[in-house]
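Colleague: Encoded as structure tokens, here's the structure I'll be asking about.
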Amino acid sequence: MTRTSVNRTLIRLYWILGIVLLLLLAAKFIDDFPGVPSQIVSIASQMYEFVRDMSLLIATGGVAYLSNIFQKRSKFVESLEEEWRNIVRTKSILLNYCEKPYHATDDYLAAFNRISETIDTMRIVYKNSGETDTLVGLYPYAPLHDMRRVLQTLDPRNPQPPTEEHKKLVRDAILQAFYALRESFLEELDLEQPTNPLLISGGRRLKKSGAEMSARVLQDRQRQRHDNSPAPRPDIETLLSELRANEKDPNGSSLPAR
């Protein structure tokens, strides 16, 4: 289920729940309203008693219904994520084909089959826009067909071989289509900005080498216990000691922990 479908279903459920609660509240205190016919009071009381007796069953059904909705949403998001990974892999294959100095027929057919599969697998995620029982509708993400069209101009079976300028143009067209897809396709995934992003180029780790004193004391104690007991394989101990020494920098300090 798309985000819009889930929100529409939840809003409809909230309205139904609110109306039912108001009716039950009115039925509960209907005796306090003067002038209400006794027949209506009796019906309201019976309705309240019935709903109260069936409250556990109603709550169970509501929870099951909500669980089914969110399960469908989860499966839809998983399919959407897999389809996006498929689009990214297809884009990489097409760009790799454009960068080749010579285009073999087998390479072209592999790339063409890849984009064709990506176009068709979209149908397990979305139906066509405006599709009805009698109308085919419009393909939901037309830039995928743009990728296919520009790729076909690089078919090595064409009479005229493509120039380097045309290859670059095809590459730029593929990237333009991909960027357009990324801007609209990922909108359904409810992506959020990272809590602690690294937004600068050339970012590096700001923590310094070292550890707290408690960790160093624990390390020294463990080392003393190991030194006081005989090593079962002295050759392994020698090898590890040499490797640790080789990891020292010219100042004699250990390399920072990764």
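Every number here is computed from the coordinates shown, using simple stated rules; none is lab data. Owing to the predicted nature of the structure, the values given are computational and were not obtained by experimental measurement. We place every Cβ from the backbone using ideal geometry, glycine too, and count neighbours over all the protein chains shown.
Colleague: Could you state the number of Å between the C-alpha centres of the stretch 66-113 and the stretch 123-143?
Modeller: Their Cα centres are 18 Å away from one another.
Colleague: In square nanometres and to one decimal, what's the mean projected area of the convex hull around the Cα atoms of the stretch 76-189?
Modeller: Quarter of the Cα hull surface area: 7.8 nm².
Colleague: Given Cα pairs under 8 Å that are at least 6 residues apart, what percent is the relative contact order of the stretch 76-189?
Modeller: On the way: 92 pairs, mean separation 35.8, N = 114.
Contact order relative to length: 31 percent.
Colleague: Which of 166, 226 has the fewest other C-beta atoms within 10 Å, and how do the rest follow up to the most?
Modeller: Fewest to most other Cβ atoms nearby, the residues stand as 226, 166.
Colleague: Using θ = phi - 60° and the Karplus curve 6.51 cos²θ - 1.76 cosθ + 1.60, what whole-Hz ³J(HN,Hα) does each residue of the stretch 166-174 get, with Gly and Pro shown as x?
Modeller: Once θ is set to phi - 60°, the couplings for the stretch 166-174 become 5, 4, 5, 5, 5, 4, 5, 5, 5 Hz.
Colleague: Take the stretch 1-138, drop everything but the C-alpha atoms, weight them equally and run the Debye formula without solvent; then report log10 I(q)/I(0) at 0.17, 0.19 Å⁻¹ to two decimals.
Modeller: Values, matching the q order: -1.02, -1.12.
Colleague: Quick one: which of 79-86, 34-41, 140-147 comes out on top by average Cβ neighbours within 10 Å, and what's the full order, highest first?
Modeller: Per-residue mean Cβ counts within 10 Å order the peptides as 140-147, 79-86, 34-41.
Colleague: If we count other beta carbons within 10 Å of each Cβ, what is the order of 29, 112, fewest first? Mind dumping the intermediate values first?
Modeller: Values: 29 11, 112 17.
In increasing order of surrounding Cβ atoms, one gets 29, 112.
Colleague: How big is the Rg/Rh ratio for the chain, C-alpha atoms only, Rh by Kirkwood, two decimals? Walk me through the intermediate numbers first.
Modeller: Values: Rg = 33.4 Å, Rh = 26.8 Å.
When Rh is taken as the Kirkwood radius, the ratio is 1.24.
Colleague: Using Cα centres only, tell me the gap between the stretch 155-181 and the stretch 1-21 in whole Å.
Modeller: Computed from Cα coordinates, the inter-centre distance equals 47 Å.
Colleague: Compute the orientation-averaged projected area for the stretch 1-53 from the convex hull of its Cα atoms and round it to one decimal in nm².
Modeller: So the mean shadow area of the Cα hull is 4.6 nm².
Colleague: With an 8 Å cut-off on Cα pairs and a minimum separation of 6 or more residues, tell me the relative contact order of the chain in percent. Intermediate results must be reported in sequence, preceding the final value.
Modeller: Working: 128 pairs, mean separation 37.8, N = 258.
Once divided by the residue count of the chain, the mean separation gives 15 percent.
Colleague: Taking the 0 to 90 degree range and rounding to the nearest ten, how far is the long axis of helix 3-28 tilted relative to the main principal axis of the chain, both from C-alpha atoms?
Modeller: 30 degrees
Colleague: Sticking with this structure for a sec: Relative to the first principal axis of the alpha-carbon coordinates of the chain, what is the inclination of helix 38-53, with its axis defined by its Cα atoms, in degrees from 0 to 90 and to the nearest 10?
Modeller: Roughly 30 degrees, rounded to the nearest 10.
Colleague: If you fit an axis through the alpha-carbon atoms of helix 213-228 and take the longest principal axis of the Cα set of the chain, what angle between them do you get, 0 to 90°, nearest 10?
Modeller: Roughly 60 degrees between the two axes.
Colleague: So, one more: Please report the net charge: other residues with Cβ closer than 12 Å to the Cβ of residue 117, K and R +1, D and E -1. Let's see the in-between values first.
Modeller: Working: positive: 89, 114, 123, 148; negative: 83, 120.
With Lys, Arg at +1 and Asp, Glu at -1, the neighbours total +2.
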